[in-house]
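Colleague: Quick one: the structure is below, questions incoming.
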8 protein chains.
Amino acid sequence: MSEWTVYLSGEIHTDWREQIVNGAEARDLPITFFSPVTDHSASDDCGAAILGGEDNKFWYDHKGAKVNAIRTRTLIEQSDIVVVRFGDQYKQWNAAFDAGYAAALGKSLIILHDPALTHPLKEVDAAAQAVAETPDQVVRVLQYTTQGVLQR
Amino acid sequence: MSEWTVYLSGEIHTDWREQIVNGAEARDLPITFFSPVTDHSASDDCGAAILGGEDNKFWYDHKGAKVNAIRTRTLIEQSDIVVVRFGDQYKQWNAAFDAGYAAALGKSLIILHDPALTHPLKEVDAAAQAVAETPDQVVRVLQYTTQGVLQR
Amino acid sequence: MSEWTVYLSGEIHTDWREQIVNGAEARDLPITFFSPVTDHSASDDCGAAILGGEDNKFWYDHKGAKVNAIRTRTLIEQSDIVVVRFGDQYKQWNAAFDAGYAAALGKSLIILHDPALTHPLKEVDAAAQAVAETPDQVVRVLQYTTQGVLQR
Amino acid sequence: MSEWTVYLSGEIHTDWREQIVNGAEARDLPITFFSPVTDHSASDDCGAAILGGEDNKFWYDHKGAKVNAIRTRTLIEQSDIVVVRFGDQYKQWNAAFDAGYAAALGKSLIILHDPALTHPLKEVDAAAQAVAETPDQVVRVLQYTTQGVLQR
Amino acid sequence: MSEWTVYLSGEIHTDWREQIVNGAEARDLPITFFSPVTDHSASDDCGAAILGGEDNKFWYDHKGAKVNAIRTRTLIEQSDIVVVRFGDQYKQWNAAFDAGYAAALGKSLIILHDPALTHPLKEVDAAAQAVAETPDQVVRVLQYTTQGVLQR
Amino acid sequence: MSEWTVYLSGEIHTDWREQIVNGAEARDLPITFFSPVTDHSASDDCGAAILGGEDNKFWYDHKGAKVNAIRTRTLIEQSDIVVVRFGDQYKQWNAAFDAGYAAALGKSLIILHDPALTHPLKEVDAAAQAVAETPDQVVRVLQYTTQGVLQR
Amino acid sequence: MSEWTVYLSGEIHTDWREQIVNGAEARDLPITFFSPVTDHSASDDCGAAILGGEDNKFWYDHKGAKVNAIRTRTLIEQSDIVVVRFGDQYKQWNAAFDAGYAAALGKSLIILHDPALTHPLKEVDAAAQAVAETPDQVVRVLQYTTQGVLQR
Amino acid sequence: MSEWTVYLSGEIHTDWREQIVNGAEARDLPITFFSPVTDHSASDDCGAAILGGEDNKFWYDHKGAKVNAIRTRTLIEQSDIVVVRFGDQYKQWNAAFDAGYAAALGKSLIILHDPALTHPLKEVDAAAQAVAETPDQVVRVLQYTTQGVLQR
């Protein structure tokens, strides 16, 4: 049986990642999951905290974003499938950026969002192999994809 | 010794995959085999069953085909050799599509079909490293290729 | 303005290529069109006629298919968009092979076929950016894509 | 002298593209500019208007987004530099998607936005070679980059 | 109509290149031909003559071979089709090296040689799209490939 | 410590492969070695013996060469280093083809041959990272490269 | 959890590599570290010592540099992250070369140097995801990147 | 005849670029030359002058280096040959970085430097197709490479 790697990108304020990881474990799926750092303040501060503070907010953010990109880019490149979750708050441009990055690398994309976001996400959805509304749907797509088992 | 991965694409109504897998096991070949989902109704319904039904047949099929493509594309990309079997029924355009996809990725192609199909398959065969008529021939090509043993 | 290249693959027994090329000229689209050799007997015989006859039909076809592939592969690789037409006759596995080849190279695919073929073509359509039923629709997609003009 | 191609992605409700194109012309820069279709209703309707209407809004949008992607992806791939403009309205996930897509292809990115958007755009900015606040700055970066002339 | 580039590699002691170039001109084929430097002594001496002499024959040859490779590699990479001619004299390992190099880049290969060389060239021929015995056959393959005209 | 893969291409009539493999084992080098099938008659006959005989010698050879290429190409692509040995007999064009193929893929090349062959091999040597005269030298290069140990 | 590979390039006269490797071990980071051969005289002499002496200093160096490149290029290509250290002595052009090589391959770069070198290293730093002044900072970036743990 | 593109990287304080460009013009070589911006102060200030000043010297340099990289990377990628000149002053790490970047992209490298720099440049020279001491030698290599004419 093949081993799969799945990157979980996007929204960090709900437990959708846990739902997917738990669902996959419950079904014994042969998947290793990767994620960005989901601790919001660590993610914001990592550059300045490690490499030295910055008075200028732009550079403070810049340092952190680049350190995060080491993790993000490497793990997306190592993944077979990239799941990107869009929530109903915040700009979430990093999520859309990840989706575009993954699409250009030829990764299979699964986009997870509420139907209310269909219109503004149409370009992102159009690049995806599957558009889901719930984490459970994502788990079932992963189950079908990796095990060939369709849970109706 | 090297480890090999082989994807078995195409016709799903006879037991050719089992013959190849069993033949490889009997010879202890160092091969991991991959396949698409070969349960016809699961393959047709997976999109709508998981992600939501569709009245329009085009979109019903579309959703399913895209979910299947997550598995198909990923596993073809992970394979060293792609075997594509054409039977005597159905359009089998997905099999020819897989062959073209694999060829463009530089995979070694083995095409398996009855001599009666030689003329319509000539462009596909021309892209292959080997054209076989029986699963046993495929097994022997795999044995030679992976173990260096020629069973005459 | 950008210059575009479009490859017209597939069915060779109707005048769909002429309709598209004429429609593009009428609209002054900035497109160079490429095609395989559409003279059926030349396409079948080119290998043996030039490089020497073959008694064995398999090799007769093989030689021709490989010579045709020089043209086909090169022009697909040079194209921005690949249009693939499926008719209601013949196996047309070379058309599906071209579609898979183009998809793996990341080309934009437009598939042209009658709705009656939707189910057997679902995997091919799923890889496409557009699925059209008439040459006129293809021309209008090309017009919109290359000129940004939407003819409603 | 080298010839350059620059793709102008993102916000479509102000005249920033015209400012850049006019500024480049005034300086005689050796640049061909590409853009998505910036007519909002044409962009929304192109799929259904050409390929057939859809009752379901998701598929209506989907068809249009895929047709637009033919233009968008092709022109981004043909560009040396991709400029992405973020405005203060709308979700603009397609702009961030384009930025990620271009970054993965190794294109030089110039991001254009108001300083108020610095924090939510930090991951996008971190992938850029230049972050500008005004179209005039973009023109001057292009002038320096293509002509080697620094207008202080 | 498409423009083609063809690289003529291999044997330098007969006029096969001239025959192909003249035949292509006579048929008005849309082809630009590239060649290595075919002046044997210039090819041997170019490194030492320009960059400084070497007492050690290995380095004398090494310098020259590397300078020649600038031309050879660049032009092979720019070509659509690579024709490689093997004669009946000399080792001609550089010709076989060029064939392998072109094959790995996915170029279309046409191999030109006497039937007497079939057995030792079998691996090279197996990577080719066409195996010809005469320059005239090569010209006719190029005519068919680029113009779609089959001269029987 | 890193794990390395090394492909041993070329001459099959002396025991140079055994010398290198034994030398590597004696030094406990972290290397997996790959080779083509070195049984000459198996290598010649594999195509026809498995896939069906051919009266025409060209196609007999062709079938075999293509089956061998499945093994050869796959293992070269999986290797970090490709060692190519040229002996003093036979045409050995397949060895030079492999060297060109490996060079185009960016593999590190080590060429092994007698100084008498320096001139005809100059283009091949010029693409190599090391040119050795004895299997023992190759082992020592591999020891240095993989373990960082220089045996003077 | 993901496994990471990190290449440590550059200065060989201080113990910065040991500090990073030890720091990573102390934190139990899931990283395999690679390095060039850091024994200066072995690195200088490896070519001539193994493959034969050279009177001409250029070729003496050339042989050694190419043998070292087998190790260097292969390990950089296998790495997720490349750390390049610049000290205050010597030309260190090989360090900058490695940085450029890694950048072109899309590797994440971390540059480690004293602030005094900021101006001459500005082009190298501009290609990096992080610029550190101490080995401890590098360890903390690696800890954050691979474990998601921010040690403030 | 083929058209060539050559990028001239490195040292900016002597007239070596003019010598090469003039020499190429005098010989009517079919070459378009590209260069970085060689106005030292413009190159240093371009980021801050266009995009806004920075008190922190690191970010001042950083902004400029990134803007320069738009030009540098794009033109190196468009070039067939990259010539890199090292002088006897300054760190010149950007030159070595460009050489590594070009090498990883598979460009043909010509390195131009005084023999006194042979030892510290050995890794850079080892990646080159030619190592020259004078601009005139570079011109003659370009003449031979592009025209096939050896001026002894």
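The numbers here are math on the coordinates, done by the rules we state, and not lab data. The structure presented is a predicted model; accordingly, all values stated were derived computationally and were not measured. Here Cβ is always computed from backbone atoms with ideal geometry, including for glycine, and neighbour counts include all displayed protein chains.
Colleague: Return the whole-Å distance between the Cα centroid of the stretch B:113-143 and the Cα centroid of the stretch A:108-127.
Modeller: Cα centroid to Cα centroid, the span is 41 Å.
Colleague: In addition: Please average, across the residues of G:75-84, the number of beta carbons from any other chain that are within 10 Å of each residue's own beta carbon, and give a whole number.
Modeller: Taking the mean over all residues of the peptide, I get 3.
Colleague: For chain F, set up a GNM with springs between Cα atoms under 10 Å and report which of F:Tyr90, F:Tyr60, F:Tyr101 has the largest fluctuation.
Modeller: F:Tyr90
Colleague: How about C:Lys66: which aspartates and glutamates have a C-alpha closer than 13 Å to its C-alpha, ignoring those fewer than 8 places off in the same chain?
Modeller: Leaving aside aspartates and glutamates fewer than 8 places away in the same chain, those within reach of C:Lys66 are B:Glu123, B:Asp125, C:Asp44, C:Asp45, E:Asp125.
Colleague: I'd like the Karplus ³J(HN,Hα) series for the stretch D:13-22: coefficients 6.51, -1.76, 1.60, θ = phi - 60°, whole numbers in Hz, and an x wherever there's a Gly or Pro.
Modeller: After applying 6.51 cos²θ - 1.76 cosθ + 1.60, I find 9, 10, 9, 4, 5, 4, 4, 5, 5, 5 Hz.
Colleague: Three principal axis extents, largest first, for the C-alpha atoms of the stretch G:86-152, in Å?
Modeller: 36, 27, 16 Å, listed from the longest principal axis down.
Colleague: How big is the Kirkwood radius of the stretch E:1-58, worked out from every pair of different alpha carbons and given in Å to one decimal?
Modeller: In the stretch E:1-58 this quantity evaluates to 13.8 Å.
Colleague: Further, regarding this structure: Using Cα centres only, tell me the gap between the stretch B:6-76 and the stretch A:1-62 in whole Å.
Modeller: If you average the Cα positions of each part, the centres end up 31 Å apart.
Colleague: If we sort F:67-73, H:13-19, A:75-81 on the protection proxy, mean other Cβ atoms within 10 Å, highest first, what's the order?
Modeller: Those peptides, ordered most packed to least, come out F:67-73, A:75-81, H:13-19.
Colleague: Taking the Cα atoms only, what angle lies between the long axis of helix B:57-77 and the longest principal axis of chain B, rounded to 10 degrees?
Modeller: So the helix axis and the longest Cα principal axis differ by about 30 degrees.
Colleague: Moving on to the next point. Which translational diffusion coefficient, to the nearest whole µm²/s, is obtained for chain A from the Stokes-Einstein equation, given a Kirkwood hydrodynamic radius over C-alpha pairs, 20 °C and 1.002 mPa s?
Modeller: My calculation gives 132 µm²/s for D.
Colleague: How much net charge surrounds C:Asp80 when only the other residues with a Cβ under 12 Å from the Cβ of C:Asp80 are counted, with Lys and Arg +1 and Asp and Glu -1?
Modeller: Around C:Asp80, the surrounding residues sum to 0.
Colleague: Among G:Ala126, G:Ala96, G:Ala24, which one shows the highest mean-square fluctuation when chain G is modelled as a Gaussian network with alpha-carbon springs under 10 Å?
Modeller: Highest fluctuation of the listed residues: G:Ala126.
Colleague: A further question follows. Kindly provide the helix-only [θ] at 222 nm of chain E, computed as the sum of -39,500 (n - 2.57) over DSSP H runs of four or more divided by all residues, to the nearest 500 deg cm²/dmol?
Modeller: -15000 deg cm²/dmol
Colleague: Oh, and also: Using θ = phi - 60° and the Karplus form 6.51 cos²θ - 1.76 cosθ + 1.60, what ³J(HN,Hα) does each residue of the stretch E:122-131 get, whole Hz, x for Gly and Pro?
Modeller: 4, 5, 5, 4, 5, 8, 8, 8, 8, 10
Colleague: Right, here's the next one. Angle check, please: helix C:93-104 long axis (alpha carbons) against the longest principal axis of chain C (alpha carbons), in degrees 0 to 90, nearest 10.
Modeller: 60 degrees
Colleague: While we're here: How shielded is G:52-65 by partner chains, expressed as the average number of their Cβ atoms within 10 Å of its Cβ atoms?
Modeller: Shielding by partners across G:52-65 averages 5.
Colleague: How much FRET efficiency would the formula 1/(1 + (r/R0)^6) give for G:Asp88 and A:Thr32, where r is the Cβ-Cβ distance and R0 is 56 Å, rounded to 0.05?
Modeller: Here the calculated transfer efficiency is 0.85.
Colleague: Now for a different question. How far apart, in nm, are two points set 7 Å out from the Cα along the Cα-to-Cβ line at B:His40 and at C:Glu25?
Modeller: 4.7 nm
Colleague: List every residue whose amide H lies under 5 Å from the amide H of E:His119, counting only residues 5 or more places away in sequence or on a different chain, with H placed 1.01 Å from N in the peptide plane.
Modeller: The list, which skips near neighbours in sequence, is empty: none.
Colleague: If you rotate chain G onto chain D, whose Cβ in G ends up lying nearest the axis, and how many Å away is it?
Modeller: Per the Cβ-to-axis criterion, the result reads G:Gly106, 4.
Colleague: Would you look at the GNM of chain H, springs on alpha carbons closer than 10 Å, and say which of H:Asp55, H:Asp28, H:Asp44 moves the most?
Modeller: Result: H:Asp55 has the largest fluctuation of those listed.
Colleague: Of B:Lys63/F:Lys63; A:Lys107/G:Lys122; G:Lys57/H:Lys107; B:Lys107/D:Lys107; A:Lys63/A:Lys107, which pairs sit farther than 30 Å apart, going by alpha carbon to alpha carbon?
Modeller: B:Lys63/F:Lys63; A:Lys107/G:Lys122
Colleague: Is there a simple number for the mean count of other chain Cβ atoms within 10 Å of the Cβ of residues in B:114-121, and what is it?
Modeller: Rounded to a whole number, the mean comes out at 4.
Colleague: Would you tally the net charge around D:Ile12, using a Cβ to Cβ cut-off of less than 14 Å, leaving D:Ile12 out, and scoring K and R as +1, D and E as -1?
Modeller: -4
Colleague: Moving to a separate point now. Which whole-Hz couplings ³J(HN,Hα) result when phi for each residue of the stretch A:145-152 is put into the Karplus expression 6.51 cos²θ - 1.76 cosθ + 1.60, θ = phi - 60°, listed in order with x for Gly and Pro?
Modeller: Residue by residue, the stretch A:145-152 yields 5, 8, 10, x, 9, 9, 8, 7 Hz.
Colleague: Under a Cβ-Cβ cut-off of 15 Å, what is the net charge of the residues other than H:Ala102 that fall near it, where Lys and Arg count +1 and Asp and Glu count -1?
Modeller: Residues near H:Ala102 contribute -2 overall.
Colleague: Moving to a separate point now. How large is the Rg to Rh ratio of the protein assembly as shown when both quantities use alpha carbon positions and Rh follows Kirkwood?
Modeller: Rounded to two decimals, Rg over Rh is 0.94.
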